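First up is the structure itself, then whatever we jot down about it.
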Amino acid sequence: MRFTRFAFTLVELLVVLVVLMVLAGTLFPVFKSAESRARQTECSTNFHMVSLATTLYTNDYDDYFPPVNHQPAEEPNSRNDRTWVQMVLPYLKSFDVFRCPSGPTTNLTPEASFDRDLVPGDTFSRFYTASLHSSVGYNFQYLAPIVKVAGQWTSQPRSGSMVTKPGQTVVFVDSVWDRTSDGTPYGGGSWLVVPPCRYYVDSTMPARRVDSFTMTIASTSEVFTTSEGWDLAESRNPAIYGGVWARHNGRATVAMADGSTVAQTVNQLAEGCDLKDRWQGVIRDEEAYRWDIR
């Protein structure tokens, strides 16, 4: 009895390899796109959870948004100061919610057990520092401005009832901490972001500009800000968009005051605003402008 031996020729193997390479080249972008959409969905879910936690916080604190941070009368440090992230965290129980899965990684991870007797090292300091690198940037200039009163800086949270258009007012937005010399984001996110515009033009006196940051404050006190607007002239500066970062295919995850989340480009976030470098532009359309609570 004769046995017939079957074998692939070199040409057949090459054809199979070419087919596999074509399939891989076709499917890889599909898998990457699906992975990107999954990360964006997870990020949106995280923002929604932080938004809900903030609502619970405001319910417990007479409808006021969280202050930027809480500093007691004594000298503030990582053991007695608390950022807004730390104040909202008890309503969430997980620090991971404050991070976008598409964001730049950071080693600043607080321990699961926040107990200085069980964890070696300065747990307070690491926990405080990690909260500063939240991917969820807070629109604090309008929701909890820091004002100098009697020579002291103090956060003055706004009431939720002061938000006139909740579905169009930014509370949280995707953020970035810093960037390398080639523009690559690193170090996680930033807990605070600043808006694209600051001033209105007085309709009765066109040459006069009105500071929107002080329009909800019953004084002309000095207002603190982390940066002087969006640094559009320096493309590698993390403050190019005031700390905002559109990491999802050119869009940033945004949580509005009504709890809804959307994905928006930086141009959409600047709508209603004559966007120019370092707040040189003015707010033209109050209805379209998404940052001011009025």
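Among the strands (runs of 3 or more DSSP E) lying completely within segment 136-220, list those that include at least 1 residues that are under 19 Å from residue 284 (Cβ atoms). Quick ask: steps written out before the conclusion?
On the way: elements: 136-138, 146-149, 152-155, 170-174, 199-201, 209-211.
Filter on segment 136-220 gives 170-174, 199-201, 209-211.
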Cross-chain or 6+ apart pairs with Cβ under 7 Å, segment 136-155 first and farther than 20 Å from residue 269 by Cα, then of a type in the set (Gly, Ala, Ser) and crowded, with 23+ Cβ neighbours inside 10 Å:
none
Can you tell me which residues in segment 126-144 are more than 23 Å from residue 252 (Cα to Cα) and either more than 18 Å from the chain's Cα centre (by Cα) or crowded, with 18+ Cβ neighbours inside 10 Å (or both)?
126, 127, 128
Do you know which of the residues in segment 215-237 that are surrounded by 12 or more Cβ atoms within 10 Å (Cβ to Cβ) and of a type in the set (A, V, I, L, M, F, W, C) is modelled with the highest pLDDT?
230
What about residue 59, is it modelled with pLDDT of 75 or more, within 30 Å of residue 137 (Cβ to Cβ), in a helix (DSSP H, G or I) and open to solvent by 90 Å² or more (accessible area, probe 1.4 Å)?
yes
Those residues of segment 62-91 which are within 20 Å of residue 131 (Cβ to Cβ), at pLDDT 90 or above and open to solvent by 60 Å² or more (accessible area, probe 1.4 Å) amount to 64, 90, 91
Which of the residues spanning segment 260-288 are in contact with a helix residue (DSSP H, G or I) (Cβ under 9 Å, 6 or more places away or on another chain), surrounded by 15 or more Cβ atoms within 10 Å (Cβ to Cβ) and among the aliphatic types (A, V, I, L, M)?
262, 263, 275, 283
Filtered residues of segment 169-184 (kept if over 18 Å from residue 88 (Cα atoms) and either among the acidic types (Asp, Glu) or surrounded by 19 or more Cβ atoms within 10 Å (Cβ to Cβ) (or both)):
169, 176, 177, 178, 179, 182
Examine segment 238-245 for a residue that is surrounded by fewer than 17 Cβ atoms within 10 Å (Cβ to Cβ) and either modelled with pLDDT under 95 or closer than 18 Å to residue 190 by Cα (or both), and state whether such a residue exists.
no
If you go through segment 39-69 one residue at a time, how many are within 12 Å of residue 86 (Cα to Cα) and of a type outside the set (Ser, Thr, Tyr)?
6
Identity of the residue in segment 185-214, open to solvent by 70 Å² or more (accessible area, probe 1.4 Å) and in contact with a strand residue (DSSP E or B) (Cβ under 8 Å, 6 or more places away or on another chain), that ends up farthest from residue 132 (Cα to Cα):
208
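The values are calculated or read from the model by the stated rules, or taken from the named source; none is laboratory data. Model, not experiment: these values are computed from the prediction. Neighbour counts run over all protein chains shown; Cβ positions are idealised from the backbone, glycine included. The area values use the complete protein model at the heavy-atom level, side chains included, leaving out ligands, DNA and RNA. Shrake-Rupley method; radii C 1.70, N 1.55, O 1.52, S 1.80 Å.
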